[in-house]
Amino acid sequence: MRSLDAPRHVHPSVFMFLILPFGVMAGYVQVALAYLFSQAGIPIEQVAALIAAGILPHTIKFAWAPLVDSTLTRKGWYLIASVVSAAGILATALFPIKASSLPMLTVVVLVSNFAVTFLGMATDSLMAYDTPPELKGRAGGWFQAGNLGGSGIGGGAGLWLVQRLPAPWMTGALLAGACLLCCLALPFLPEPVSTIRDSTILKTFANVFKDLWQVAKARMGFLALFLCFLPIGSGAASNLWSAVANDWRASADTVALVTGVLGGILMAAGCLVGGWICDRMDRKAAYVLYGVLQASSAIGMALAPRTEPMFIFWTCLYAVITGLTYAGFTAFVLEAMGTGAAATKYNVFASLSNVPISYMTTLDGWAYTRWGAHGMLNAEAALGLLGMVLFLALLAAVNRFKPAAA
């Protein structure tokens, strides 16, 4: 029988609901709005600039993450960000789909995405504080499943609705309302007591950066930082499926399916499985295992016949494994960073983790231009395996000097 004094922990699925609006915002701008403006004859260059405006706050969000660690409460930040970002989604749906709307719409998208970064930071911090060590893997899995699922809702469902409802504002209102409903998950979580707040804001900020430095120089923190730059489990090839689909003679409908709703569902499922596994084995080993699986799937796709059924099978398998790697990375980071300045620390790791996705996508494109799809997939697998060798070498070196460091 469980003791009455034993701490109670919420189910990790709470974090899936809390992070959903974060994904909805990204999917709505990058898929639904982008499609509507491109179909209206707006040059792709201008549509890309709108998408870039939404991405910009997410690339530098670590710069204002200390505000969440130092001021207000996590739930307070979540509520404020939820209201502002939901209002932003609704506002974007009120603009006419024409070129003259783009300047003001770009400002709204920028502000909305700035606001939703605070929602993500509040969720990151609540997850770090309110998840016990034995559940960090599952928490990471549910968290990433919500992020990916929200993107599918904002993009796929948003586009489906806007094509069928009488007025575009109705889609914005439905998505904004759904995002606000996610606040109902907050009462299930206790507001954490900060371990870094001090008597003055300056001392608190000093504690934030001291905590960040302590994690960076610790064994697990250093390994996590090193991992951020390695091409392990980046999932970069999925960014190019639509560009290389002709090699497998895949139709436009097939590409839309595997890169859209089906791909999102499979990645979310992979996140849940990956998080569950991470709670049952060493999380570093789990992440390396996921990297091996992703490299193997790339090699398998390179060797398989170039047919549409093979394209569907391998891209779907790749999506599941990418979900495993997302969950594995989040679980590893949660274990490495602890609590303290959780919002700042998590967002430093999250921002840095975009580096290999960016350079691997570029390298995959370069390899395809020179050696075709076969060379692209083999190059990604080779670089992923090289990254694993580097990580294991560093892990062995760190373990060798661990007694001396202690």
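FYI, it's all coordinate maths here, none of it is from the lab. All figures in this text were calculated on a predicted structure; none of them were measured in a lab. Don't worry about glycine lacking a Cβ; one is built from the backbone with ideal geometry, like all the others, and counts go over all protein chains shown.
Choose one answer from E335, E134, E380: the residue with the largest mean-square fluctuation in a GNM of the chain with alpha-carbon springs under 10 Å.
Comparing E335, E134, E380 in a Gaussian network model of the chain, the most mobile one is E134.
Could you give me D for the stretch 81-141, from Stokes-Einstein at 37 °C and 0.692 mPa s, where the hydrodynamic radius is the Kirkwood radius over C-alpha pairs? Units µm² s⁻¹, please.
The estimated diffusion coefficient comes to 243 µm²/s.
May I ask you to order 46-55, 109-118 by the average number of other C-beta atoms within 10 Å around their residues, highest value first?
Values: 46-55: 16.7, 109-118: 22.5.
Packing order, densest peptide first, comes out as 109-118, 46-55.
Considering the alpha-carbon set of the stretch 323-381 alone, what are its Rg and its Dmax in angstrom?
My reading of the Cα-based Rg and Dmax gives 15.6, 48 Å.
Go through 319-330, 82-93 and give me the packing order, highest mean Cβ count within 10 Å leading.
Top of the packing list down: 319-330, 82-93.
With each run of n ≥ 4 DSSP H residues scored as -39500 (n - 2.57), what mean residue ellipticity at 222 nm is computed for the chain after dividing by its residue count and rounding to the nearest 500 deg cm²/dmol? Display every interim value, and only then the final one.
On the way: 19 runs with 297 residues, N = 406.
Theoretical 222 nm ellipticity from helices: -24000 deg cm²/dmol.
In terms of the Cα gyration tensor, with a ≥ b ≥ c the square roots of its eigenvalues, is the stretch 267-353 rounded because a/c is under 1.5, prolate because a/b exceeds b/c, or oblate? Numbers along the way, then the final one.
Working: a/c = 2.82, a/b = 2.33, b/c = 1.21.
Prolate shape, in that a/c is at least 1.5 and a/b is the bigger ratio.
Give me the Å³ per residue figure for the convex hull around the C-alpha atoms of the stretch 1-97. Let's see the in-between values first.
Working: hull volume 13.3 nm³, N = 97.
Per-residue hull volume (Cα only) is 137 Å³.
How long are the semi-axes of the equivalent ellipsoid of the chain, defined as square roots of 5 times the Cα gyration tensor eigenvalues? Whole Å, largest first. Before the final figure, lay out the partial values.
Values: eigenvalues 210, 176, 71 Å².
Equivalent ellipsoid of the chain: 32, 30, 19 Å, largest first.
Could the peptides 202-213, 21-32, 302-313 be put in order, highest first, of the mean number of other beta-carbon atoms found within 10 Å of their residues? Spell out each step's value before the answer.
On the way: 202-213: 16.3, 21-32: 26.2, 302-313: 14.8.
So the order, starting with the most tightly packed, is 21-32, 202-213, 302-313.
Which loop-located trypsin sites (Lys or Arg not before Pro) does the stretch 55-99 contain, where loop means any DSSP state but H, G, I, E or B and the Cβ has at most 16 other Cβ atoms within 10 Å?
Values: sites: K61, R74, K75, K98; in loops: K98.
Passing sites in the stretch 55-99 are K98.
Translational D (Stokes-Einstein, µm²/s) of the stretch 230-295 at 10 °C and 1.306 mPa s when Rh comes from the Kirkwood sum over C-alpha pairs? Intermediate values should be presented prior to the final figure.
Numbers: Rh = 13.5 Å.
Estimated diffusion coefficient is 118 µm²/s.
Grab the chain and count how many Lys pairs have their alpha-carbon atoms under 29 Å apart, sequence gap of 8 or more, or different chains.
Summing the qualifying lysine pairs gives 27.
Size of the stretch 13-193 along its principal axes in angstrom, Cα-based, largest extent first?
The Cα atoms of the stretch 13-193 stretch 51, 32, 24 Å along their principal axes.
Over 5 Å intervals from 0, what percent of Cα-Cα pairs in the stretch 200-314 sits in each interval?
Bins of 5 Å from zero give 2, 9, 14, 16, 15, 12, 9, 8, 6, 4, 2, 1, 0 percent of pairs.
Give, as a single signed number, the net charge of other residues whose beta carbon lies under 12 Å from the beta carbon of A298, with Lys and Arg counted +1 and Asp and Glu -1. Provide the component values of the computation, followed by the final result.
Details: positive: none; negative: D364, E380.
For residues surrounding A298, the net value is -2.
Please work out the ratio of the alpha-carbon Rg of the stretch 211-405 to 2.2 N^0.38 Å and round it to two decimals. Please report the intermediate quantities before stating the final value.
Details: Rg = 17.4 Å, N = 195, 2.2 N^0.38 = 16.3 Å.
Computed over Cα atoms of the stretch 211-405, the ratio equals 1.07.
Take the Cβ-Cβ distance between Q163 and R197 as r, set R0 to 45 Å, and report the resulting FRET efficiency rounded to the nearest 0.05. Write out the running numbers ahead of the final one.
Working: r = 48 Å, r/R0 = 1.07.
Here the calculated transfer efficiency is 0.40.
Classify the stretch 178-262 as rounded, prolate or oblate from the Cα gyration tensor: take a ≥ b ≥ c as the square roots of its eigenvalues, call it rounded if a/c is under 1.5, otherwise prolate when a/b beats b/c and oblate if not. The partial results should precede the final answer.
Details: a/c = 4.23, a/b = 1.77, b/c = 2.39.
Oblate is the answer for the stretch 178-262, as a/c is 1.5 or above yet b/c matches or exceeds a/b.
How big is the gap, in Å, between the Cα center of the stretch 363-392 and the Cα center of the stretch 251-326?
Cα centroid of the stretch 363-392 versus Cα centroid of the stretch 251-326: 16 Å apart.
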